[in-house]
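To start, the structure itself, in structure tokens.
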Amino acid sequence: GAGVSQSPSNKVTEKGKDVELRCDPISGHTALYWYRQSLGQGLEFLIYFQGNSAPDKSGLPSDRFSAERTGGSVSTLTIQRTQQEDSAVYLCASSLRQGTSGSSYEQYFGPGTRLTVT
Amino acid sequence: SQKIEQNSEALNIQEGKTATLTCNYTNYSPAYLQWYRQDPGRGPVFLLLIRENEKEKRKERLKVTFDTTLKQSLFHITASQPADSATYLCALLNTGGFKTIFGAGTRLFVKA
């Protein structure tokens, strides 16, 4: 079956421009995560969506970052007035999150969007 | 603040040997601990999950231990193969299994 997809795969933008990154999770997965990974670094949690609950935005680094999830499926991460320090790979993941089985906490990652701010 | 530490130095081992990777954490009481594998240019891939009340979990050539007193998890790959070469990430989840904190990962090289 189809996995998590992200678009674009690469994005080069000028400092100060806005960008939108898209994530299509696995069908039926209720949870969706956004992470940021800088070169040689671990994954930095950004935001988490679970069903119809209010998202956990505690990882967003500034108010220039926002995300939404429409219809419980596709999600868009928006970065306004991009800065050079925003350059990183942005990863999206989804998980089933139903029941208490350990398998429901497995996160399935997309290939990421490499963002370069010049 | 919550902190996860994984060996920042790469681990180099000979094919057939057992690789052991360490994950230490502070200021956190995770309900679950996961290990992921990440290859260059790809997203992480889930390997194993272990709960706080479990001491050990096995899957094929993989074994994970979880010591909540030491605040440490060990990840073992037995009979290692060059194809096991990758970066391995440790991740902690809270009781709700929501917010996930990842370590920076340890790079493993298995030499033929």
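The values are calculated or read from the model by the stated rules, or taken from the named source; none is laboratory data. Every value quoted in this text rests on a predicted model; they were computed, and no experiment measured them. No Cβ is skipped: glycine too gets one built from the backbone with ideal geometry, and neighbour counts run over all protein chains shown. In case anyone asks, the SASA skips ligands and DNA or RNA and just uses the protein heavy atoms, side chains included. Shrake-Rupley method; radii C 1.70, N 1.55, O 1.52, S 1.80 Å.
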Which percent of the Cα-Cα distances in the protein assembly as shown go past 28 Å?
31
Distance between region A:16-71 and region B:70-105 - C-alpha centres, whole angstrom
21
In region A:31-54, which residues give up 40 Å² or more of accessible area once the other protein chains are added, compared with their chain alone (1.4 Å probe)?
A:43, A:45
With all protein chains present, chain A has a carbon and sulfur share of its accessible area (1.4 Å probe) in percent of 44
Chain A: equivalent-ellipsoid semi-axes (sqrt of 5 x gyration tensor eigenvalues, Cα, Å)
24, 14, 13
If each of residue A:9 and residue B:54 carries a label point 7 Å out from its Cα toward its Cβ, how far apart are those two points in nm?
3.5
The protein assembly as shown: antiparallel DSSP beta bridges as a percent of all, rounded to 5
90
With charges set only on the Cβ (+1 for Lys and Arg, -1 for Asp and Glu), what does the dipole of region B:1-100 come to about its Cα centre, in debye to the nearest 20?
220
Could you give each residue of region A:80-92 its phi-based ³J(HN,Hα) in whole Hz, using Karplus coefficients 6.51, -1.76, 1.60 with θ = phi - 60°, and x for Gly or Pro?
9, 6, 4, 10, 4, 6, 7, 4, 4, 9, 9, 10, 10
To two decimal places, what compactness ratio does chain B give when its Cα radius of gyration is scaled by 2.2 N^0.38 Å?
1.01
Could you check the spin-label model distance between residue A:81 and residue B:83? Points 7 Å from the Cα along Cα→Cβ, value in nm.
5.1
B plus A alone minus the pair: what accessible area, both sides summed, probe 1.4 Å, in Å² to 100?
1600
Carbon plus sulfur fraction of accessible area for region B:10-62, probe 1.4 Å, in percent
43
Once fully extended, how much extra length lies between residue B:2 and residue B:95, figured as 0.36 nm per residue of separation less the alpha-carbon to alpha-carbon distance?
32.0 nm
For the protein assembly as shown, report the accessible area per residue in Å² (1.4 Å probe, heavy atoms, rounded to an integer).
49
